[in-house]
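The values are calculated or read from the model by the stated rules, or taken from the named source; none is laboratory data. In this text the structure is predicted, and so the values were computed from the model without any measurement. Don't worry about glycine lacking a Cβ; one is built from the backbone with ideal geometry, like all the others, and counts go over all protein chains shown. Accessible surface areas use protein heavy atoms only, side chains included; no ligands, DNA or RNA. Shrake-Rupley method; radii C 1.70, N 1.55, O 1.52, S 1.80 Å.
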Amino acid sequence: MAGKLDGRVAFITGAGSGIGRAAAELFAAEGAAVAVVDLNGEAAEETVAKVVAEGGRAVALAANVAVAADVEAAVARTVEELGGLDVLYNNAGVDSRGSVADAEEADWDRCFNVNAKGTFLCSRAAVPPLSVRGGTIINQGSVAGLVAVPNFAAYCAAKGAVVALTRSMAIDLAPRRIRVNAICPGTVFTPLMEPMLRARGDGDLEAGLAKTVAKYPIGHLGSPEEIARVALFLAGDDSSFLTGSIVTADGGMTAQ
Ligand code: 1HS
């Protein structure tokens, strides 16, 4: 049976772990050749090994999404090695610490540089190859970009910026046949989230998890694979009439 991404090339950031790794494996299983991009080159290679072991095609690219030269070089290598670009998944992200009363400036800068500026830099570099045959961009937002999360000021602000940027990109890129949508996931238990969960439990991870699950009507946190399936929908033709859409995948957390 034909894959939903047969013959397409995908560029996924933060693909060395968590949701990005799950998306790389799923997109490859659906026929895409995948550029596995991560700050941690070894982790990217591990994702590639998993993709290749399942018969997929992928290349590992170490890059810091907050550095324009890194991003442009990674996109250029993707086009050169995989033959073009059809899907960009701006998944890479970092969390933050503190409210506006006590957050560190460096934490604010890091959060915005990776989550918001990284989305900008990758999208800007991807527009020329995506414009060749049309394509899709999926931005990783968050429920934190839609509702307040205690002591997460920089992250909420940066993800709110990603939500607004998604709508802006959608109208600007429509004439180039590039659709742009965002996923706003609830908490998924990934390496990125463990510090927040532990802090929420005053150092006790299980207590932090219990407090967090209580916020989700569905009764559990999401999995990387569940978010990757939403990304696959937005990457492919099943979402052909969606652009500028903000898709919550949050177990009902923001419906309350
Ligand atoms: C990290 C992910 O984008 C969700 S932000 C935290 C939401 S919650 O744990 O307070 O429900």
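Observations on the model:
- Residues that are on the phi > 0 side of the Ramachandran plot and either open to solvent by 10 Å² or more (accessible area, probe 1.4 Å) or in contact (Cβ under 8 Å) with a residue 12 or more places away in the chain (or both) occur in region 40-55; there is at least one.
- Entry remark, region 122-145: residues being near the ligand (Cβ under 10 Å from one of its atoms) and more than 12 Å from the chain's Cα centre (by Cα) number 3 in total.
- Residue within region 223-241 that is open to solvent by 30 Å² or more (accessible area, probe 1.4 Å), without any contact (Cβ under 8 Å) to a residue 24 or more places away in the chain, within 16 Å of the chain's Cα centre (by Cα) and under 30 Å from Ala106 (Cα atoms) present: no
- Residue in region 171-180 that is touching a Pro at 6+ places or on another chain (Cβ under 7 Å) and in contact (Cβ under 8 Å) with a residue 24 or more places away in the chain present: no
- Every residue from region 146-155 that is within 17 Å of the chain's Cα centre (by Cα) and within 8 Å of the ligand (Cβ to nearest atom): Tyr155
- For region 203-230, residues that are under 13 Å from Gly252 (Cβ atoms), in contact with a Phe, Trp or Tyr (Cβ under 8 Å, 6 or more places away or on another chain) and hydroxyl-bearing (Ser, Thr, Tyr) total 0.
- Subset tally (residues that are part of a helix (DSSP H, G or I) and surrounded by 15 or more Cβ atoms within 10 Å (Cβ to Cβ)) for region 200-212: 5
- Entry remark, region 77-121: residues being open to solvent by 70 Å² or more (accessible area, probe 1.4 Å), under 17 Å from Ala62 (Cβ atoms) and within 14 Å of the ligand (Cβ to nearest atom) number 0 in total.
- Residue satisfying all of: in region 172-199; in contact with a strand residue (DSSP E or B) (Cβ under 8 Å, 6 or more places away or on another chain) and either of a type in the set (S, T, N, Q) or part of a helix (DSSP H, G or I) (or both); nearest to the ligand (Cβ to nearest atom) among these: Thr187
- Residue list for region 28-58, restricted to those being more than 17 Å from Val71 (Cβ to Cβ) and either among the hydrophobic types (A, V, I, L, M, F, W, C) or part of a strand (DSSP E or B) (or both): Ala28, Ala29, Ala32, Ala33, Ala43, Val48, Ala49, Val51, Val52, Ala53, Arg57, Ala58
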